[in-house]
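See structure below.
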Amino acid sequence: MSKLTSSCAVPLYGASAAFLLLALTLTGCRNVGFPDTPAGYREYAYVANSGANTVSVLDLVYLRTDRTLQVGSQPTALAVNPERNEVYVVNTTSGTVSVIDAAANRVAFTLPVHRQPTAIAVDSTGHRAYVTNSGSNSISVLDLDLRREIAELPTPAQPGSIALAPDGRSLVVTHASSGTVSVFHAMPFVPPTLTAPVYKPFEALRGIFSGCPGASTPVILPDSSKAFVACSSAHHVMALNLAAAPGTWSAKQNPSLMSDFVLTLLDVGKSPNHIALKPDGGEVFVSNLDSDSVSEIDTQSNQVGGTYMIGTRPTHGIVSRDNSTLYVSNSGADSIGLYSIDDGKLISSLHTGSSPEAMAFSADEHLLLVLDGRSGDVSVIRTQSKLGPNLFTLLPAGALPTAIVTKVIGTRASAH
């Protein structure tokens, strides 16, 4: 079975867009130039529409809207379970998390948390999740098997973004209003046994670090050794050492690495509001909203390698799996900038819908999906074709889309 064809779908602009989208949805025509997919293959994108209290489900095989799901009030964040067919929606105003059964594409459960939840992180086992509650100054620890909260951790004021280290030991939480970053010890999931049948919370606050005005969007390196946090109300990025586990090679070589501490503050452009991590962990790329630039940081030396002009008001970045290309959404130019990491230069710019922001790859990375915040749609960009990356079509979403994730049904798949 093949994906929708380039002979059927074309870049859509102007008043004819809605009509053409409807025609494409109804025709189901076949593809030329897309990779074939196995029979029965299913992959979807999920878009949180904060202004409509819905999640749009987009079929990435046929490139059409599958359905629209009603969730809680003001959905603002999404996360994918890497081990089961579930997607989680954080509903900020209603103080809940909606659990979407991705195999059936229906809301299976609504889990209450606390006031004004804003972000969610799911561990690699698929058994635990952590939700920041900005209005309650806490983190909800969720058991995803039992679908209930099993602990509430007090935090400094107004926790916002959250990142969980790959080894499951460290939670990094930002507090934009106070310009601080907190680090919690997280307890990796251990299956219950006859001798320990009940979960006992071992999460605890390890440290609070100041000096990062407007702290947001933390990223953690693949080896769980460092975190980088954008200080969006300033012009720098905070680099944090994350405590090494006792008995590890790093801890034995340098016992000082067994504690959390600020490594440095790195000067970047104005209003750094998003950090994109290179999959190999060697570099991170910072989108500087008010400098129209991206800054490249070497994560081993903790130094800024350079800052480069990318487009008007860049908001988000994402790096290809082969570590070669950085895509940056330029919200003020209605475009995506393509930056060659190996060549160190901007190589092209692609038109999108109005005010592009968050992005996600399809599983094979043949598609880049871009949320267009102002026009309420998703730009579908082909990353590989004879003509190079290009805008293929637009798919409708809802009012004020804020987050997007992708999920392959029946297999392991991660959010991008």
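Quick notes on this one:
- Label sites at Gln70 and Ile150, each approximated as a point 7 angstrom past Cα along Cα to Cβ, lie 3.3 nm apart.
- Distance distribution P(r), segment 251-314, all Cα-Cα pairs, bin width 10 angstrom from 0: 21, 43, 25, 9, 2 percent.
- Solvent-accessible area of Ser385, all protein chains in place: 40 Å² (probe radius 1.4 Å, heavy atoms, ligands and nucleic acids excluded).
- Look at the dipole of segment 76-186 built from charges on Cβ: of Gly168, His185, Gly95, the Cα furthest out on the positive end belongs to Gly95.
- Relative to the longest principal axis of the Cα atoms of the chain, the long axis of helix 17-27 makes an angle of roughly 80 degrees.
- The heavy atoms of Lys270 present about 130 square angstrom of accessible area, all protein chains included, probe 1.4 Å.
- Translational diffusion of segment 102-149, µm² s⁻¹ [Kirkwood Rh, Cα pairs; Stokes-Einstein; 20 °C; 1.002 mPa s]: 186
- For the chain, built as a Gaussian network whose Cα springs stay under 10 Å, the top-fluctuating residue of Met359, Met258, Met238: Met258
- What the Cα atoms of segment 40-123 give is an Rg and a Dmax of 12.3, 41 Å.
- Residue among Gln384, Gln158, Gln74 with the largest mean-square fluctuation in a Gaussian network model of the chain, springs linking Cα atoms under 10 Å: Gln384
- When the convex hull of its Cα atoms is projected in every direction, mean area for segment 200-242 (nm²): 3.8
- Each Cα pair under 8 Å and six or more residues apart adds its separation to the average, and for the chain the resulting relative contact order is 12 percent.
- Surface composition of the chain: carbon plus sulfur atoms hold 55% of the accessible area, using a 1.4 angstrom probe and ignoring ligands, DNA and RNA.
- Between segment 114-193 and segment 351-390, the alpha-carbon center distance in angstrom: 30
- Distance from the Cα centroid of segment 222-236 to that of segment 301-334 is 15 Å (rounded to whole angstrom).
- Accessible area, probe 1.4 Å, largest first, for residues Met187, Met309: Met309, Met187
- Signed unit charges on C-beta, dipole axis of the chain, positive-most listed residue Ile150, Cys212, Thr393: Ile150
- For the chain, lysine pairs with C-alpha atoms less than 17 angstrom apart, excluding pairs fewer than eight positions apart on the same chain, total 4.
- When the alpha carbon coordinates of segment 278-365 are projected onto the principal axes, the ranges are 37, 32, 20 Å, largest first.
- For segment 304-355: rounded, prolate or oblate by the Cα gyration tensor [a/c cutoff 1.5]: prolate
- Kirkwood-based shape ratio for segment 212-299, expressed as Rg/Rh from alpha carbons: 1.03
- Value of [θ]222 nm, deg cm²/dmol, for the chain, DSSP H segments ≥ 4, -39500 (n - 2.57) each, nearest 500: -1000 deg cm²/dmol
- The charge dipole of the chain, taken about its Cα centre with unit charges on the Cβ of Lys, Arg, Asp and Glu (plus for the first two, minus for the last two), comes to roughly 580 debye.
- Among Gly51, Gly305, Gly179, residue whose mean-square fluctuation peaks in a GNM of the chain (springs only between Cα atoms under 10 Å): Gly305
The values are calculated or read from the model by the stated rules, or taken from the named source; none is laboratory data. Quick caveat: nothing in here was measured; it's all calculated off a predicted structure. Every residue, glycine as well, gets a Cβ built from its backbone with ideal geometry; the counts of neighbours run over all protein chains shown. Just so you know, the surface numbers come from the protein's heavy atoms only, side chains and all, with ligands and any DNA or RNA stripped out. Shrake-Rupley method; radii C 1.70, N 1.55, O 1.52, S 1.80 Å.
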